[in-house]
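This report concerns only the one structure given below.
FYI, it's all coordinate maths here, none of it is from the lab. Values in this document were obtained by computation on a predicted structure and should not be read as measured data. Cβ coordinates were reconstructed from backbone atoms using ideal geometry, including for glycine residues, and neighbour counts include every protein chain displayed.
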């Protein structure tokens, strides 16, 4: 993830990371056992380089051919037609979701290269699977776990590679690009699913229903001593029992083991202001992000963010250690993991069987201003005047320094909603229905018209973004809920909420959701007027309306006090048109999706 915009102008000294390289040399524990032909490109070049897509696929297929513990597959195609490579690591032939479940194995999905310049996870994952299947120093990791390894997620971005893709990143020599072939950031696409890569990922998820998800990244924007940072959902967006499991098993049990390998580890670092003295504010991932999406599916999503200024070897080995010890902990604690996952799924399904207007589900969260103190392992820095920018600049030194700073780590719900029993969508909104299918949601199609009392929204005060974001012009509105009887034609789709993926439907179909269909522009056309009033006709009608309605005249006179309104003939005539049945009949801003709160069957 890129948080550099939050810090303003930053000068980076590339040599700083070298100071900390020695801290992680002890983590390079298995190289003595690795035959040359099984070393990764990174290992063969002393972590100067990473392999190409073709080299990665060749290595993956070589693992498959050499070991009964590894199977190679493709789970989709990229925009440029490349296979999305997947390695499945399993004992006892558990290479299918059915066999994994029958054998009681925990399924762990590890994702590398969603941002192709942040490729640490690819080389770490290859080394780990190699040590499982070839050198057999980690084979025990598969006793209770099946590993799904997305070797490179953004394969097209991976091949769009040169030394200048990641500003100031300390290796490898060439890096892939953040966006895919159509310049989409795949880590903003989990809900709207515009990219073919995302659609392949959703198919993979729905087939396997993983118990844990791990996403490997490289952070940037500031300097500090930590070579590995991490985060997972821990506010109201995640089931509290799943959050508690991570507190116990990852924070308490896994992190100390990672640190014993020479890594310096902390939670993800995002400054609350420009630099360290402003403290750290926890980043709350909305569902467009991988680790904001998985909580909607009642699953752990662990974000690994190694530090951009540390040498590539330090970052890869830190990722390796994190994967190794977390997968080991998952295997050792699978019983309790299954218990919290199953309980969360059951509660989600049961919630969907009854409607309770007082039962609220969180949509938007923010971090409060309540802070605790923490010790932060930073480096010395100064703020100096810049004769380049004309402003202030951060200049990091090379001396480690510990700071006592504030950490803002309390979440507050800003918007919430009482989930209905179901949503109903007219059939003409095919893109909406298709994305819901891709998300794995169970739906019912009406075979004949249905007249039903529903709740819906009038979307008022629409404000579109001034420029494109992820190939869409996003929209924010003020939703006003109301109830009415509507007739939905045959072919309309009902999405019941007594299913495990219900939270995805809520976030997509509630207009206030931070990654809803409304926000992403799927319903922009409902704001467009198709009929207008001619000026000469409106002049006559306006006079008749004023003569019949003194209150309307009072409202009009009040609006005339606004100079801008008073000087605009068009605005003045529009004032009257908007109060006629001709305008109201167009139902501008009326949300076509209905909320069903009473049994409909």
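A helix-only calculation puts the chain at -8000 deg cm²/dmol for mean residue ellipticity at 222 nm, using -39500 (n - 2.57) for each DSSP H run of at least four residues, averaged over all residues.
Taken along the Cα-to-beta-carbon direction at a fixed 7 Å, the label points for residue 463 and residue 382 span 4.2 nm. Going by the alpha-carbon gyration tensor, a ≥ b ≥ c the square roots of its eigenvalues, is segment 418-528 rounded (a/c under 1.5) or, if a/c is not under 1.5, prolate (a/b greater than b/c) versus oblate? Prolate is the answer for segment 418-528, as a/c is 1.5 or above and a/b outweighs b/c. Does segment 165-236 classify as rounded, prolate or oblate by the C-alpha gyration tensor (a ≥ b ≥ c root eigenvalues; a/c under 1.5 gives rounded; else a/b over b/c gives prolate, otherwise oblate)? Judged from the Cα gyration tensor, segment 165-236 comes out oblate (a/c at least 1.5, b/c at or above a/b). Taking all Cα pairs closer than 8 Å and separated by 6 or more residues, the relative contact order of segment 444-520 comes to 34 percent. Computed from Cα positions, the angle between helix 550-559 and the longest principal axis of the chain comes to roughly 50 degrees. At an R0 of 25 angstrom, the distance between the Cβ atoms of residue 600 and residue 438 translates into a FRET efficiency of 0.55.
Sorting 541-551, 499-509 by average packing, meaning the other beta carbons within 10 Å per residue, from highest down gives 499-509, 541-551.
Antiparallel beta bridges, as assigned by DSSP with both residues in the chain, represent about 70 percent of the total such bridges.
Which peptide among 313-326, 436-449 comes first, and what is the full order, when sorted by highest mean count of other Cβ atoms within 10 Å?
Working: 313-326: 27.6, 436-449: 15.4.
Descending packing order for the listed peptides: 313-326, 436-449.
Which of rounded, prolate, oblate describes segment 535-584, given a ≥ b ≥ c as roots of the alpha-carbon gyration tensor eigenvalues and a/c under 1.5 marking rounded, otherwise prolate only if a/b is larger than b/c? Cα axes put segment 535-584 in the oblate bin.
Compare the peptides 129-142, 587-600, 479-492 by average per-residue count of other Cβ atoms within 10 angstrom and give them in order, highest first.
Highest-to-lowest ranking by the protection proxy: 129-142, 587-600, 479-492.
Note on residue 73/residue 347: beta-carbon distance plugged into 1/(1 + (r/R0)^6) with R0 of 35 Å gives a FRET efficiency of 0.60. DSSP beta bridges fully contained in segment 47-335 are about 45 percent antiparallel.
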